[in-house]
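Structure, as C-alpha cells:
The values are calculated or read from the model by the stated rules, or taken from the named source; none is laboratory data. Computed from a predicted structure; not experimentally measured. With ideal geometry, Cβ positions are generated from the backbone for all residues, glycine too; neighbour counts draw on all protein chains shown. Surface accessibility is based on the protein's heavy atoms, side chains included, excluding ligands, DNA and RNA. Shrake-Rupley method; radii C 1.70, N 1.55, O 1.52, S 1.80 Å.
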Amino acid sequence: MDSQIDTQAVIDADTIAAYQRDGAVCIRGAFKGWVDTIAAGIERNMLNRSATASDIANGRGSFFDDYCNWERIPEFVKLVRESPAASLAAAVMQSRSAQFFHDHVLVKEPGTQKPTPWHQDIPYYFVDGQQTVSFWIPIDPVKEATLRLIAGSHKWDKMILPVRWLDDSSFYAGEGDYLPVPDPDNEPGMKVLEWEMEPGDAILFDFRTAHGARGNLTAARRRALSLRWVGDDARYVERPGRTSPPYPGHGMQPGQKLREDWFPVVFQS
C-alpha cells in the first residue's frame, strides 16, 4: 500500500485552482494501493451494520448506505490513519491541518434504479467553514454510475434544500430558506462534471458542491467509500433540526472547533 504518495505532485497549483473554481477534482490512482483494504472494510461494514444503515429499494436492486463506523472497522482505521488521505485533504483545502469528520459506505447492487438525489453535504452537517473536502473512492470501475457534480455550486449564495434519500421528503422545516433541488441536466447554465473511474481513483469535492449519481443499471456492484475532512477554519454550527450524522451528546457549542477526541486531527503541518 502506498502511504508515501507525493502530495505536492498530486495536488499541484493547477489542481488547487480547479478545486477552488469548480468545487471538485478527480485524482487518478490516489488509493490504487488501498483498494483491497477498502473492499474488506466495506464487506465488514455490510456484515456488521450500524443503527443508521439503510437499504433503499426502488424497483430492482438496492442501495445500501451506512456511516460513522470507521473506529470499529479495522480496515477503515488503517485507511484514515495511514493512507495519503489526510495529507491530500490538507493540500487541496489549503489548510495546515486535516481533521477527520466521518466515513460513508455507498453500495449500489446490480440493476439498482434508485439514483442518489442531487444535494450538498453541508446543510446536513453541524459543521461550517471554507476548508472542507469529501473523498469519493470507487473500488469498482464506474462509467454511468459515477459521481456527478455541478461545477461552481460550492459558491452559490443559498444551500440546496436537504431531503431524505428514502422518500425525498424535506429534512428541515423552512423550505423557503433553501434552493429547490436542482435538475442540472434540464436547467440551462449548469455544467455537470463526471468522470469514468477505475478502482482507487478519487473525486475530491467541497462539502458545498452539489452532487448526485444515477442508479446502477449494470450487472456488477458499484461500491464506493466516502471520507469527509475539515480544515483549520471549520467550526460547529447549529442547524434547524436534527443533523445527519447526528452525533448525540457531543456537547459542542456554536463557534467551537470540532472536539478532537471524536474527530481526530490526522494531519498537522
For the chain, with +1 on Lys and Arg beta carbons and -1 on Asp and Glu, the positive-most of A86, S169, P184 along the dipole: S169
Karplus couplings for region 119-135 from phi (6.51 cos²θ - 1.76 cosθ + 1.60, θ = phi - 60°), rounded to Hz, Gly and Pro as x? 6, 10, 6, 4, x, 7, 9, 9, 10, 9, x, 7, 9, 9, 7, 9, 9
Give me a comma-separated list of calculated 3J(HN,Hα) values for region 99-111, in order, Karplus coefficients 6.51, -1.76, 1.60 applied at θ = phi - 60°, integers in Hz, x for any Gly or Pro. 10, 7, 9, 6, 9, 8, 8, 9, 10, 10, 6, x, x
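Give me the percent relative contact order of region 124-269, please, defined on Cα pairs under 8 angstrom at least 6 residues apart.
Working: 232 pairs, mean separation 61.4, N = 146.
After rounding, I find 42 percent.
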Under a GNM of the chain (C-alpha, springs under 10 Å), which listed residue has the highest mean-square fluctuation: D183, D128, D206? D183
I need the phi-derived Karplus couplings for region 197-212: 6.51 cos²θ - 1.76 cosθ + 1.60, θ = phi - 60°, integer Hz, Gly and Pro marked x. 10, 9, x, x, 5, 8, 9, 10, 8, 5, 4, 8, 6, 5, 8, x
When the chain is modelled as a GNM with alpha-carbon springs shorter than 10 Å, which of M93, M190, M159 fluctuates the most? M190
Accessible surface of H211 - all protein chains present, 1.4 Å probe, nearest 10 Å²: 10 Å²
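At most 14 other C-beta atoms within 10 Å and a DSSP loop state: those are the exposed GluC sites (Glu not before Pro) I care about. Give me the longest piece of the chain that has none.
Numbers: sites that count: E144, E196, E238, E260.
Counting only loop sites that pass the neighbour cut-off, the longest clear stretch is 1-143.
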Tell me which trypsin sites (Lys or Arg not before Pro) from region 185-231 have a DSSP coil assignment and no more than 13 other beta carbons within 10 Å of their own. K191
